[in-house]
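The values are calculated or read from the model by the stated rules, or taken from the named source; none is laboratory data. No experiment lies behind these values; they were computed from the predicted model shown. Glycine also receives a Cβ, built like all others from the backbone with ideal geometry; neighbour counts cover every protein chain displayed. For the accessible areas, the whole protein counts, side chains as well, though only heavy atoms, and no ligand, DNA or RNA atoms are used. Shrake-Rupley method; radii C 1.70, N 1.55, O 1.52, S 1.80 Å.
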Amino acid sequence: MDKVTRLASENGLVLFSKSSCCLCYAVKILFQEIGVTPTVYELDQDPEGREMERALMRLGCSAPVPAVFIGGKLVGSTNEVMSLHLSGGLIPLLRPYHSMC
Amino acid sequence: MLQPNLKEEEGIEAIETWNVGEQQELEGDEESKLSIALDINSTCAKVAFFIISKSMNSPTPQFVPSRLGIYEPIHQIGIWGENFKSNGNPNTSTSVIVEVDNKLENESETTSHEMLTASNNYKQEASKPIDKIQRRLAQNREAARKSRLRKKAYVQQLENSRLKLIQLEQELQRARQQGLYMGGVLEGSHIGFSGTVNSGIAAFEMEYGRWVDVQHRQICELRTALNAHISDIELRILVESGIGHYFELFRMKSTVAKADVFYVISGVWKTSAERFFSWIGGFRPSELLKVLVPQLDPLTEQQILEVCNLKQSCQQAEDALSQGMEKLQETVSSTVAGGPVDEVSYIPQVATAMEKLEALVSFVNQADHLRQETLQQMSRILTTRQAARGLLALGEYFHRLRALSTLWATRPPEPSLP
């Protein structure tokens with residue numbers, strides 16, 4: 001099993017990011033606002049970062065980062081997360097994995 | 001509030017200015033006529049109060065004028081005051097109102113002794129002004145009615161000029177951009193990238209001009225349809241094309257953002273008032289909800305809950321993007337400022353900054369995506385009729401902002417203070 005898939009299934013909410021990516025930062029802020037804490041993997045700080053990027057592209061992400069996984073399943077990038085949140089679907093999806101106030 | 005203690009001299013004086021005022025009404029330009037009409041109003045009020053004060057002290061019944069006659073002039077002054085304010089002549093109205101108030105307040109020093117001695121003299125004078133007063137009041141009302149009609153005509157003229165101005169402005173913008181593009185061609189060596197950029201911008205400007213025209217037409221259609229109570233099916237078609245029209249704008253913006261993202265973010269393609277509210281190259285989605293929701297009453301319990309949730313998630317998404325933008329600014333700024341300043345070459349810093357700026361396109365796209373999603377969700381939550389009202393409210397809001405921009409641009413110069 002490749003590293004991405006493995007890491008994605010280890011926690012309820014996983015975010016693949018880059019420390020220099022401001023859009024990733026925005027997604028982090030969004031989760032903060034909702035009151036959840038994702039497990040974050042910074043690809044630019046990972047020795048296998050390049051491969052992980054390629055793996056993410058193969059999984060169907062238009063941009064490798066930010067990539068959000070909930071319950072081991074790929075939700076998508078910023079677009080998908082925003083759409084999901086506005087339609088009211090993000091929080092219910094997160095509930096089994098995070099206790100939220 | 002109203003103190004009917006005019007001195008006798010003041011009362012007689014008021015009647016005399018009245019006479020003068022009536023003559024002046026026949027000549028002079030619009031403004032002075034209107035201000036004279038106001039003067040007539042105020043003297044009318046003064047005389048009316050004068051009469052009341054006298055009637056209070058003398059038992060003779062013949063001086064009791066109608067209560068309506070007394071309140072009408074003040075009421076009219078109030079209305080005209082506001083009318084004048086909206087016409088941009090605040091000085092005229094406020095000073096008149098203040099004048100009347102001051103004069104009334106100053107009369108409180110009148111002693112009852114003065115009034116008693118004066119009342120006997122007044123008994124002879126009073127019978128004459130009674131008919132005059134009623135005649136003056138009627139003339140006053142007539143003058144007020146005429147001035148209201150004149151004002152209506154003036155506002156109509158103003159509205160037409162405004163529309164013309166908006167059209168001219170848009171034509172000018174398009175012509176200017178095309179002029180820029182032509183300049184690029186003539187300069188030969190500059191065609192390359194800047195030619196593409198300019199042609200991208202020129203194309204957008206033309207398309208956007210058309211977009212605004214279509215938007216205006218759609219709003220009128222929606223308004224007519226809602227008033228005519230057409231069927232929900234027909235209304236749905238209008239709603240769909242209305243929403244689709246906004247989506248068209250986001251597509252256009254996405255294309256031009258690739259050519260020049262700074263152009264989109266600057267908001268130079270919008271009118272000045274719209275630019276004031278600009279957030280990452282467009283309107284704030286939360287602002288959209290604030291404009292829409294009051295127009296949608298009545299909402300069901302379920303709808304209220306869903307709108308509430310949408311408002312919250314929208315705000316959270318907005319905050320996230322805003323903070324992301326701030327982070328981007330910090331990053332670009334520190335990159336550009338980095339490195340030693342005593343080195344002549346700054347290429348490395350600028351080159352790195354260029355890479356980081358690529359993210360700006362993503363942010364603009366995300367912001368537009370948020371706008372689109374907000375519209376989509378509202379369309380889902382609302383009934384067809386509510387959605388139509390919402391689209392009308394939104395379109396009208398932006399239309400008014402554009403009108404505000406034009407009015408602001410054409411406002412008269414500030415009068416210099418003494």
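Listed values, structure above:
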read-out: Residues in the range B:355-397 reached by a label modelled at B:His245 [backbone nitrogen below 11 Å; 7 Å Cα→Cβ]; value: B:391-396
read-out: B:Arg236 - accessible surface, heavy atoms, 1.4 Å probe, Å² rounded to 10; value: 70
read-out: Shielding by partners, peptide B:369-375 (average Cβ within 10 angstrom, other chains); value: 3
read-out: Karplus-derived 3J(HN,Hα), 6.51/-1.76/1.60, for each residue of the range B:386-394, Hz, glycine and proline x; value: 5, 4, 4, 4, x, 4, 4, 4, 5
read-out: Residue pairs, from the table B:Lys258/B:Lys290; B:Lys327/B:Lys356; A:Lys18/B:Lys253; A:Lys18/B:Lys356; A:Lys18/B:Lys311; A:Lys3/B:Lys327, whose Cα atoms sit over 19 Å apart; value: B:Lys258/B:Lys290; A:Lys18/B:Lys253; A:Lys18/B:Lys311; A:Lys3/B:Lys327
read-out: Simple spin-label estimate for A:Val40 and A:Asn79 in nanometres, 7 Å along Cα-Cβ; value: 2.4
read-out: Summed buried accessible area for B+A [probe radius 1.4 Å, Å², rounded to 100]; value: 1700
read-out: The range A:3-97, dipole about Cα centre (Lys/Arg Cβ +1, Asp/Glu Cβ -1), debye to the nearest 20; value: 200
read-out: Heavy atoms of A:Leu74: accessible area, 1.4 Å probe, square angstrom to 10; value: 60
read-out: The range B:347-418-the range A:66-92 distance, computed between alpha-carbon centres (Å); value: 26
read-out: Ratio of the Cα radius of gyration of the range B:259-418 to 2.2 N^0.38 Å, where N counts its residues; value: 1.36
read-out: Normalised alpha carbon radius of gyration of chain A [divisor 2.2 N^0.38 Å]; value: 0.99
read-out: For the range B:283-418, with +1 on Lys and Arg beta carbons and -1 on Asp and Glu, the positive-most of B:Leu288, B:Leu375, B:Ala388 along the dipole; value: B:Ala388
read-out: Shielding by other protein chains, B:310-319, mean Cβ within 10 Å; value: 5
read-out: Cα gyration tensor, the range B:198-318 - rounded (a/c under 1.5), prolate or oblate; value: oblate
read-out: Distance from the range B:138-161 to the range B:299-316 (C-alpha centre basis), Å; value: 45
read-out: Built amide H within the under 5 Å cut-off of A:Val75, gap 5+; value: A:Val68, A:Phe69, A:Ile70
read-out: Ordering of B:131-140, B:344-353, A:14-23 by burial proxy (mean other Cβ atoms within 10 Å per residue, highest first); value: A:14-23, B:131-140, B:344-353
read-out: For A:Tyr97, distant residues with modelled amide H under 5 Å away; value: none
read-out: Solvent-accessible ranking of B:Lys146, B:Lys253, largest area first, probe 1.4 Å; value: B:Lys146, B:Lys253
read-out: Placed amide H near A:Thr39: partners under 5 Å, 5+ positions off or other chain; value: A:Leu13, A:Val14, A:Leu15
